[in-house]
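Written below as C-alpha cells is the structure these notes are about.
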Amino acid sequence: MADVDAAISGKEAQLPRHAEAQPAGLDSLPPDYRPSADEPFMCERQLIYFRAKLIAWKEAILKESKDTLQTLQNESLREPDVTDRASSETDWSIELRTRDRQRKLIAKIDAAFRRIDEGEYGYCEVTGEPISLARLEARPIATMTLEAQEKHERQEKVSRDE
C-alpha cells in the first residue's frame, strides 16, 4: 500500500527486498518456462516464476498509478460546459476507484510475497492442499483452492441473504 501511496503522491516508490528488478534465479528459467505438474509442486523454479509474475504485476500497477497522477496534475477539470465537466468528473471518479482497487491489490501481492518467503505460497489457507497451477497462473494471489473459494463464497452469500 505504501508503494501505491508513494506513487500517487509523486514520490518514487521503493520496491521491497523481494521485489528486486530481477528476482534471483530468473535468468536460470527458460524464456518460455511455465510451471508444470511434471515437476515437484512449488519447487524453486516455480517459486522464481511466480515471484517474477507478481513483481511484473506490481510494477505495472505502480506505473499505471503514476501515470494517473501525472495526468491528474497536467489536466484540469475546467470544462466550459457543465455537461462536459460532469462527464470528466465521472470519468475521473471511475479512474480513481480503479486505482483504489489496485491499491488493495498491491497489499494482496505483498502478502503473496510473504507467503513465498515463508514457504506457504501455493497452498490453500483453509485446507492446506496445493492450489492448482492453472489457478495460480490465472490469479497468482490466490490463497484458496477453487473448491474452498467456492465454498467460502456460498457461505458469504447465505450469510448476506439471512
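Please treat every number below as a calculation from the coordinates, not as lab data. Just so it is clear, the model here is predicted, and its values are computed rather than measured. Cβ placement follows ideal geometry from the backbone for every residue including glycine, while neighbour counts extend to all protein chains displayed.
Laid out as a table, the results:
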| quantity | calculated |
| --- | --- |
| Net lengthening on full extension, residue 146/residue 60 (0.36 nm per residue, minus Cα-Cα) | 28.3 nm |
| Residues whose placed amide H lies under 5 Å from that of residue 123, excluding near-sequence neighbours | 131 |
| Protection proxy ranking, peptides 121-128, 146-153, 133-140, average beta carbon neighbours within 10 Å, highest first | 121-128, 133-140, 146-153 |
| Computed lengthening from residue 111 to residue 127, 0.36 nm per intervening residue step minus Cα-Cα distance | 3.9 nm |
| Sequence-distant residues sharing a close amide H with residue 139 (under 5 Å, placed H) | none |
| Extension gain from residue 100 to residue 70, taking 0.36 nm per residue of separation minus the Cα-Cα distance | 9.2 nm |
